[in-house]
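Peer 1: Mind having a look at this structure? Questions to follow.
The values are calculated or read from the model by the stated rules, or taken from the named source; none is laboratory data. The structure displayed is predicted, hence computed values, not measured ones. Neighbour counts run over all protein chains shown; Cβ positions are idealised from the backbone, glycine included.
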Amino acid sequence: MLVAMFIGLISCQQPVQKKTLNPSGFAISRGVNLSHWLSQDFGWAPKYSYINESDLRFIDSIGYDHVRIPVDEIELWNEAGEPVDEAFRYLHDCLGWCKKYGLKAIVDLHTIRAHHFNAENEGGENTLWTNPAEQDKFVQLWMYLSDELKQYPVDEVAYELMNEAVAPDHDDWNKLFAKAIAAIREREPDRVLVIGSNMWQIAPNLPLLKLPEGDRNIILSFHTYSPMLLTHFKAGWTQLKNYSGQVTYPGPIINEEDFRANVDSSNASTLQFYKEALESWGPGRLLEGFKMAIDFARANNLQLYCGEFGCMPTVPREARLAYYTDLIDVLEENEVAWCNWEYKGDFGLYFWDYETLQAGAPDGELIGALLHKIR
């Protein structure tokens, strides 16, 4: 009943005033990621029933204006490089549902066989940056996607070239996305393209992008999960999974006692996360983490987009909700469009059962923290 009352309240709000900087009119403000469906399918539910029309109806009803649709090469093409017709059919279905409910969509090429953003932690290897044939294949995937999706109006559907590129040299990513853009522009000169920064799409690297001169149909993207010790508290796929202390927000994420009990000074990467967790966190510190991205986007007169952020439900509830509330405030006060990770899953809008790996009822308080601002 409380969830229904909240949804009714949200649906009565005035629409968010979306700022459009691209000539094609692709205007977005608040979105959610449709993860673990056509990308990173962990078998939590029958693949193609995980997202359906009722989900898009619900997403629209609570105040979102767009969805980001991660897709993987292994879901859309088989080992022989042939398209998986059923997967493409569901992608087209989803874009049709988006149109029906007035939602914009960003089709995001999330992982490919030659590149995974978390390959290092998962024991894999990215061959994309060393193998010219794989780079050509990446461009060909986008040529196919462009031919498949160019039927959709440019003010309704955009493309994100790659999720969280982890090129060893920033110019490797600059050169690769330049080739992909050139191939897409031959087919679709007015399609809006979302381009993220190198090395997990972190904000400080956004100014290192070499953007195509004079192309106005571009949205710049970064992701933020800082401070990691808070947002990924007890996350089993990170190097921070063995942290045994407590976390809180706002203020210092951990205390000195927990720092001394858990820190491994010989591990440079985790030491960085522990040190940042000792800092005092709040709206000002959150803004500091991506202020350079805001400045770069403004200097280039391009829209800025935070395509992923999230905080695990393992975090104490009051701290988790406060983090989301502050982050949304900072993003919207600085005219940064956003898309939270995720719709369903452990970061999602639904209460998550870790034993059955299933989503329960919608989390009204979490939805309220994300969509609390009226503009």
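Peer 1: Just need a number here: residues in region 124-149 that are part of a loop (DSSP other than H, G, I, E, B) and free of Cβ contacts under 8 Å to residues at least 40 places away in the same chain.
Peer 2: 5
Peer 1: The conditions are (1) surrounded by fewer than 20 Cβ atoms within 10 Å (Cβ to Cβ); (2) within 22 Å of residue 54 (Cα to Cα); (3) not small (Gly, Ala, Ser), and residue 335 fails exactly one of them. Which is it?
Peer 2: Only one criterion in (1) surrounded by fewer than 20 Cβ atoms within 10 Å (Cβ to Cβ); (2) within 22 Å of residue 54 (Cα to Cα); (3) not small (Gly, Ala, Ser) is unmet by residue 335, namely (2).
Peer 1: Restricted to region 122-149, and to residues that are loosely packed, with under 15 Cβ neighbours inside 10 Å and of a type in the set (Asp, Glu), which residue is farthest from residue 174 (Cα to Cα)?
Peer 2: For region 122-149, the residue satisfying everything is 122.
Peer 1: Listed residues 288, 332, 257; which is part of a helix (DSSP H, G or I), over 19 Å from residue 200 (Cβ atoms) and out of contact with any Lys or Arg (no Cβ under 9 Å at 6 or more places or on another chain)?
Peer 2: Result: 257 is the single residue among 288, 332, 257 that is part of a helix (DSSP H, G or I), over 19 Å from residue 200 (Cβ atoms) and out of contact with any Lys or Arg (no Cβ under 9 Å at 6 or more places or on another chain).
Peer 1: Separate question: Do we find that residue 237 is out of contact with any Phe, Trp or Tyr (no Cβ under 7 Å at 6 or more places or on another chain), crowded, with 21+ Cβ neighbours inside 10 Å, farther than 26 Å from residue 287 by Cβ and aromatic (Phe, Trp, Tyr) in this structure?
Peer 2: No: the conditions fail for residue 237.
Peer 1: Is there a residue being surrounded by fewer than 19 Cβ atoms within 10 Å (Cβ to Cβ) and either within 17 Å of residue 313 (Cα to Cα) or under 21 Å from the mean Cα position of the chain (by Cα) (or both) anywhere in region 248-257?
Peer 2: Yes, region 248-257 has at least one match.
Peer 1: Against the definition (farther than 30 Å from residue 157 by Cβ, at pLDDT 95 or above and under 21 Å from the mean Cα position of the chain (by Cα)), how does residue 287 come out, yes or no?
Peer 2: On the way: farther than 30 Å from residue 157 by Cβ: yes; at pLDDT 95 or above: yes; under 21 Å from the mean Cα position of the chain (by Cα): yes.
Yes, satisfied.
Peer 1: Under 8 Å between Cβ atoms, at least 6 apart or on separate chains: pull out the pairs that start in region 312-329 with a residue that is farther than 14 Å from residue 285 by Cα and end on any residue that is of a type in the set (Val, Ile, Thr) and surrounded by fewer than 20 Cβ atoms within 10 Å (Cβ to Cβ).
Peer 2: What qualifies is 316/248; 319/248.
Peer 1: While we're on this one: May I ask you to list pairs of residues, at least six apart or on different chains, whose Cβ atoms are under 8 Å apart, with the first in region 160-173 being under 16 Å from residue 134 (Cα atoms) and without any contact (Cβ under 8 Å) to a residue 40 or more places away in the chain and the second being outside any loop (DSSP other than H, G, I, E, B) and aromatic (Phe, Trp, Tyr)?
Peer 2: 167/173
Peer 1: Just give me the residues in region 291-311 being touching a residue at least 24 places away in the same chain (Cβ under 8 Å), small (Gly, Ala, Ser) and assigned to a helix (DSSP H, G or I), in sequence order.
Peer 2: Selection gives 293, 297.
Peer 1: Which count do you get for residues in region 189-230 that are touching a residue at least 40 places away in the same chain (Cβ under 8 Å), among the charged types (D, E, K, R) and either assigned to a helix (DSSP H, G or I) or surrounded by fewer than 19 Cβ atoms within 10 Å (Cβ to Cβ) (or both)?
Peer 2: 2
Peer 1: I'm checking my understanding of the structure. Among residues of region 349-361 that are part of a strand (DSSP E or B) and touching a Phe, Trp or Tyr at 6+ places or on another chain (Cβ under 9 Å), which one is surrounded by the most Cβ atoms within 10 Å (Cβ to Cβ)?
Peer 2: Within region 349-361, the match that is surrounded by the most Cβ atoms within 10 Å (Cβ to Cβ) is 359.
Peer 1: Another one. Exactly one condition in (1) over 24 Å from residue 307 (Cβ atoms); (2) within 25 Å of the chain's Cα centre (by Cα); (3) in a helix (DSSP H, G or I); (4) free of Cβ contacts under 8 Å to residues at least 12 places away in the same chain is not met by residue 272; state its number.
Peer 2: Result: residue 272 fails condition (1) only.
Peer 1: Any idea which of 42, 6, 26 is modelled with pLDDT under 95, surrounded by 14 or more Cβ atoms within 10 Å (Cβ to Cβ), aromatic (Phe, Trp, Tyr) and not in a strand (DSSP E or B)?
Peer 2: 6
Peer 1: Here is a list of conditions, (1) assigned to a helix (DSSP H, G or I); (2) within 17 Å of residue 231 (Cα to Cα), and residue 346 meets all of them except one; can you say which number that is?
Peer 2: (1)
Peer 1: From the residues in region 290-312 that are surrounded by 19 or more Cβ atoms within 10 Å (Cβ to Cβ) and more than 24 Å from residue 192 (Cα to Cα), which one is nearest to the chain's Cα centre (by Cα)?
Peer 2: Out of the qualifying residues, it is 310.
Peer 1: List pairs: first in region 44-66 and without any contact (Cβ under 8 Å) to a residue 60 or more places away in the chain, second of a type in the set (Ser, Thr, Tyr) and surrounded by 14 or more Cβ atoms within 10 Å (Cβ to Cβ), Cβ under 7 Å, 6+ apart or cross-chain?
Peer 2: Close Cβ pairs satisfying both conditions: 48/90; 56/101; 57/101; 60/101; 65/29.
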